[in-house]
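Structure first, then comments.
What follows draws every value from the coordinates through simple rules; no lab data is involved. Here the structure is a predicted model, which is why all the values come from computation and not from measurement. Here the Cβ is made from the backbone with ideal geometry for all residues, glycine too, and neighbour counts use every protein chain on show.
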Amino acid sequence: MPYSYDPENIFARILRGEIPAKTVLETGHSLAFHDIRAQAPTHVLVIPKGPYVNWDHFAAAASDAEIVDFTRAVARVCAELGLEPGAGGQGYRLLANSGPHSHQEVPHLHVHILAGRPLGPMLVRPE
Ligand code: AMP
């Protein structure tokens with residue numbers, strides 16, 4: 001399955017410093033920043049710095065170092081924001097949209113971290 005990465009997508013532009021973002025955490029291979037249209041009291045996006053379209057692209061093409069860094073970056077954000085249920089936090093939801101049926105808007109892999117209130121059921125069922 002070939003993946004076509006658009007280097008003009010908004011997150012690529014954030015990574016190049018062309019547009020601002022409210023950074024939460026930066027590591028060697030990953031960046032976390034606040035979502036511009038927060039859907040919960042805490043809404044942080046974590047992205048790999050490499051040019052990956054979505055989760056399956058990342059899993060297939062990224063190096064082990066990038067995958068480890070990204071996985072730990074997500075956990076570090078949760079820890080630094082006090083969200084970890086195992087450490088007294090109230091928990092969080094991770095969400096990664098991939099492709100058209102998921103309603104992915106930005107074609108650069110990102111994990112949403114949502115927290116800060118009871119988030120309700122995972123999906124709203126169609127009527
Ligand atoms: P998705 O629908 O999973 O692709 O989510 C894309 C997310 O990116 C949405 O929640 C947007 O609010 C968010 N977003 C778009 N542009 C920006 C930006 N410049 N800074 C921060 N978040 C953004």
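Summary of computed values
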read-out: Volume per residue of the C-alpha convex hull in the chain, rounded to whole Å³; value: 124 Å³
read-out: Reciprocal of mean inverse Cα separation for the stretch 1-74 (Kirkwood radius, Å); value: 13.0 Å
read-out: HIS34 versus GLU127: modelled label distance in nm, points set 7 Å from Cα along the beta carbon direction; value: 3.6 nm
read-out: Volume per residue of the C-alpha convex hull in the stretch 43-116, rounded to whole Å³; value: 93 Å³
